[in-house]
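Chemist: Mind having a look at this structure? Questions to follow.
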Amino acid sequence: MNSSVISYEKKLKENIGILIENNKLVEAKEIINQYENIVSNDIEIYSIKGVIAMMEGNVYEAERILKEGLALDAINFDVLYNMGYLYETNKNSELAIRYYKRALKNGTDEKIKDSVYEILKALGVKESKEEILKEYDKLDEIKIYKKKLQAQNSIYPKVTIIIPTYNQKEHLREAIDSCLKQDYQNLEILVGDDCSTDGTDKMMRKYVENDKRIRYVRNKKNLGGEENTKKLFYNHTTSMYGMIFNHDDYFIKNDYISKAVHRLIKNPNLSLVWANSKIKNESTGKIGYTNFKNKETIKGIDYFINYETQMYPHITGMLTSVFNFQKLKKIGSWGLKGQEYSIFLDTILYLKLMLVGDIGFIDEEVSVYRLHKDSISYNFPRTYDDIVIKEFELMKEYVLKENLLDKNQMYIWVESRVYGYVRWRFLTLWNTGKKKDALELIIDIKSNYPNSYEKILNNI
């Protein structure tokens with residue numbers, strides 16, 4: 001690390017210490033926030049934040065922070081000592097002794113270790129300092145390990161990145177490698193192979209052998225992208241959060257999932273967090289940028305009713321969307337028709353998530369979307385169009401049933417959604433040479449959505 005950066009970090013921590021000594025806790029926490037934007041998971045900061053929480057009289061917050069620190073480093077002297085002090089001041093001698101003993105075993109300064117031993121004697125410990133240092137309790141060690149795992153799972157809930165794939169071996173490799181570089185500590189990568197014939201299976205077997213974070217599922221028959229994704233989501237995931245990542249996209253920010261999950265945990269009302277991305281045209285080599293300037297948090301129902309207007313922009317693909325799997329599973333197939341329609345087409349997924357939570361945004365370019373002749377955008381099956389329009393109609397029924405919006409609002413909403421979707425699909429089909437499909441699509445909506453039909457004809 002650059003020496004000037006190290007010096008700056010050291011100076012920040014010195015300033016934090018001075019502010020704490022002078023009981024200027026608000027100012028100290030402000031500098032801690034600045035520091036954590038520069039350095040993540042500095043164990044010393046956990047110890048400092050624990051001390052501040054104790055000084056503020058917030059015992060439970062202090063305990064939570066210090067346990068987070070021990071999940072990162074179970075033998076850190078400062079954190080162990082502060083845990084001992086926390087329990088001592090709250091009259092829990094048994095836990096105080098346990099943590100002071102561990103601090104004593106992991107200290108490096110003999111004078112400090114002597115002072116810890118004096119505290120232990122005052123708490124009624126009869127063993128000598130040397131006896132404590134020689135103690136080896138295998139059962140206690142197992143308990144520590146189990147508690148560390150439990151703490152880690154509470155701090156870092158499992159995140160599953162679902163990657164449905166078919167005959168995109170080289171792009172898939174780059175997608176997986178970019179996922180493996182993410183710094184999030186409890187990550188699972190679930191690859192669902194829809195009977196690829198390009199050697200994907202051989203490549204994936206090597207990945208699975210070399211990294212326990214990867215799971216590989218190969219279908220016995222080709223299901224198609226939608227059914228493949230649905231199977232992976234419902235049959236193979238139990239995690240709270242995750243992504244559905246296209247096999248030809250890749251991350252360029254290694255800390256993105258950590259940031260997104262932090263936001264989701266901090267604000268339980270969020271159902272989705274997304275970010276900006278780069279768009280790489282494989283044919284021309286040109287790089288584009290989404291460059292949205294969203295608010296950090298927007299109320300879900302507001303986003304839903306105003307989706308794809310100026311203040312509520314289109315959410316760009318799956319490549320940045322980290323969302324709450326369990327919230328999506330609860331809403332499922334709406335419970336209205338007894339039939340499950342698609343939930344994994346981008347627009348449908350986002351709209352459903354808007355109905356079960358708020359939408360978070362991180363203003364960074366975190367992933368690259370590849371635009372090429374095999375992209376999903378260019379190869380969206382014509383048979384899905386009727387499903388998408390049916391989903392809009394089911395959403396209308398759901399919203400009215402739950403009294404989230406009134407009939408007039410939903411009438412306007414459905415017309416707007418059908419117009420926006422069909423216009424986009426018509427232009428995509430037409431420009432890729434599928435002119436017959438394009439014409440059939442707008443004819444299909446003429447009877448049920450005459451206003452959208454006329455508007456599209458007048459604007460193409």
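The values are calculated or read from the model by the stated rules, or taken from the named source; none is laboratory data. Small disclaimer: the values here were computed from a predicted structure and weren't measured. Neighbour counts run over all protein chains shown; Cβ positions are idealised from the backbone, glycine included.
Chemist: Could you list all residues from the range 58-107 that are modelled with pLDDT of 85 or more, among the small types (Gly, Ala, Ser) and not in a helix (DSSP H, G or I)?
Modeler: Scanning the range 58-107 gives a single hit, Gly107.
Chemist: Looking at (1) in contact with a helix residue (DSSP H, G or I) (Cβ under 8 Å, 6 or more places away or on another chain); (2) without any contact (Cβ under 8 Å) to a residue 12 or more places away in the chain, which is the only condition Lys266 fails?
Modeler: (1)
Chemist: It is to be established whether one or more residues within the range 119-126 are more than 19 Å from Met243 (Cα to Cα), at pLDDT 85 or above, assigned to a helix (DSSP H, G or I) and of a type in the set (Val, Ile, Thr).
Modeler: First pass over the range 119-126, keeping only residues more than 19 Å from Met243 (Cα to Cα): 119-126.
Now narrow it down to the ones that are at pLDDT 85 or above: 119-126.
Applying the additional criterion that residues be assigned to a helix (DSSP H, G or I) yields 119-122.
Going one step further and asking which of them are of a type in the set (Val, Ile, Thr), we end up with 119.
Yes, the range 119-126 has at least one match.
Chemist: Is one or more of the residues making up the range 151-164 in a loop (DSSP other than H, G, I, E, B), at pLDDT below 90 and loosely packed, with under 14 Cβ neighbours inside 10 Å?
Modeler: No: the range 151-164 contains no residue that is in a loop (DSSP other than H, G, I, E, B), at pLDDT below 90 and loosely packed, with under 14 Cβ neighbours inside 10 Å.
Chemist: Select from the range 87-118 the residues that are under 21 Å from Asp42 (Cβ atoms) and in contact with a Leu (Cβ under 7 Å, 6 or more places away or on another chain) and write down the one among them that is surrounded by the fewest Cβ atoms within 10 Å (Cβ to Cβ).
Modeler: Just the residues of the range 87-118 that are under 21 Å from Asp42 (Cβ atoms), to begin with: 99, 102-103, 106-109, 112.
Those still in the list that are in contact with a Leu (Cβ under 7 Å, 6 or more places away or on another chain) too: 99, 102-103, 106.
Working: Tyr99: 22, Arg102: 25, Ala103: 25, Asn106: 17.
Residue satisfying both the conditions and the ranking: Asn106.
Chemist: Go through (1) modelled with pLDDT of 90 or more; (2) assigned to a loop (DSSP other than H, G, I, E, B); (3) assigned by TED's automatic domain parsing to the domain that holds Asn246 one by one and return the number of the condition Asp374 breaks.
Modeler: Failed condition: (1).
Chemist: For the range 293-310, give me each residue that is part of a strand (DSSP E or B) and exposed (fewer than 14 other Cβ atoms within 10 Å of the Cβ). Show your work before the answer.
Modeler: From the range 293-310, those part of a strand (DSSP E or B) are 297-298, 309; that's our starting set.
Within the range 293-310, just Thr309 meets the criteria.
Chemist: Next question, about the same structure. Check whether at least one residue in the range 239-253 is surrounded by fewer than 19 Cβ atoms within 10 Å (Cβ to Cβ) and touching a Phe, Trp or Tyr at 6+ places or on another chain (Cβ under 8 Å), and report yes or no.
Modeler: yes
Chemist: Restricted to the range 165-213, and to residues that are over 18 Å from Ser258 (Cα atoms), β-branched (Val, Ile, Thr) and under 25 Å from the mean Cα position of the chain (by Cα), which residue is surrounded by the most Cβ atoms within 10 Å (Cβ to Cβ)?
Modeler: The extreme case among them is Val191.
Rundown of residues vs (1) among the polar types (S, T, N, Q); (2) closer than 30 Å to Arg263 by Cβ; (3) buried (at least 16 other Cβ atoms within 10 Å of the Cβ); (4) not assigned by TED's automatic domain parsing to the domain that holds Asp255, yes/no style:
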{"site": "Leu351", "(1), (2), (3), (4)": "no, yes, yes, no"}
{"site": "Ile362", "(1), (2), (3), (4)": "no, yes, yes, no"}
{"site": "Glu365", "(1), (2), (3), (4)": "no, yes, yes, no"}
{"site": "Asp385", "(1), (2), (3), (4)": "no, no, yes, yes"}
{"site": "Val388", "(1), (2), (3), (4)": "no, yes, yes, yes"}
{"site": "Glu402", "(1), (2), (3), (4)": "no, yes, no, yes"}
{"site": "Asp406", "(1), (2), (3), (4)": "no, no, no, yes"}
{"site": "Tyr421", "(1), (2), (3), (4)": "no, yes, yes, yes"}
{"site": "Phe426", "(1), (2), (3), (4)": "no, no, yes, yes"}
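Chemist: I would also like to ask the following. So, Lys446, is that one surrounded by fewer than 17 Cβ atoms within 10 Å (Cβ to Cβ) and either part of a helix (DSSP H, G or I) or in contact (Cβ under 8 Å) with a residue 24 or more places away in the chain (or both) or not? Can you show your working first?
Modeler: Numbers: surrounded by fewer than 17 Cβ atoms within 10 Å (Cβ to Cβ): yes; either part of a helix (DSSP H, G or I) or in contact (Cβ under 8 Å) with a residue 24 or more places away in the chain (or both): no.
When the stated conditions are applied, Lys446 does not pass them.
Okay, residues lined up against (1) more than 25 Å from Lys329 (Cα to Cα); (2) part of a helix (DSSP H, G or I); (3) in contact with a Leu (Cβ under 9 Å, 6 or more places away or on another chain):
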residue: Ser367; (1), (2), (3): yes, no, yes
residue: Arg382; (1), (2), (3): yes, no, yes
residue: Lys390; (1), (2), (3): no, yes, no
residue: Glu397; (1), (2), (3): no, yes, yes
residue: Met410; (1), (2), (3): no, yes, yes
residue: Glu415; (1), (2), (3): yes, yes, no
residue: Gly433; (1), (2), (3): yes, no, no
residue: Asn451; (1), (2), (3): yes, yes, no
residue: Ile456; (1), (2), (3): yes, yes, no
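Chemist: Okay, moving on. Could you tell me whether any residue of the range 194-213 is over 29 Å from Ala71 (Cβ atoms) and of a type in the set (A, V, I, L, M)? Don't jump to the end; show me each part of the working.
Modeler: Step one: of the range 194-213, the residues over 29 Å from Ala71 (Cβ atoms) are 194-206.
With of a type in the set (A, V, I, L, M) added as a condition, the list becomes 203-204.
Within the range 194-213, one or more residues are over 29 Å from Ala71 (Cβ atoms) and of a type in the set (A, V, I, L, M).
Chemist: Please enumerate the residues belonging to the range 57-67 that are touching a residue at least 12 places away in the same chain (Cβ under 8 Å) and farther than 13 Å from Ile32 by Cβ.
Modeler: We begin by selecting, within the range 57-67, every residue touching a residue at least 12 places away in the same chain (Cβ under 8 Å); these are 59, 62-63, 65-67.
Those that are touching a residue at least 12 places away in the same chain (Cβ under 8 Å) and farther than 13 Å from Ile32 by Cβ: Val59, Ala62, Glu63, Leu66, Lys67.
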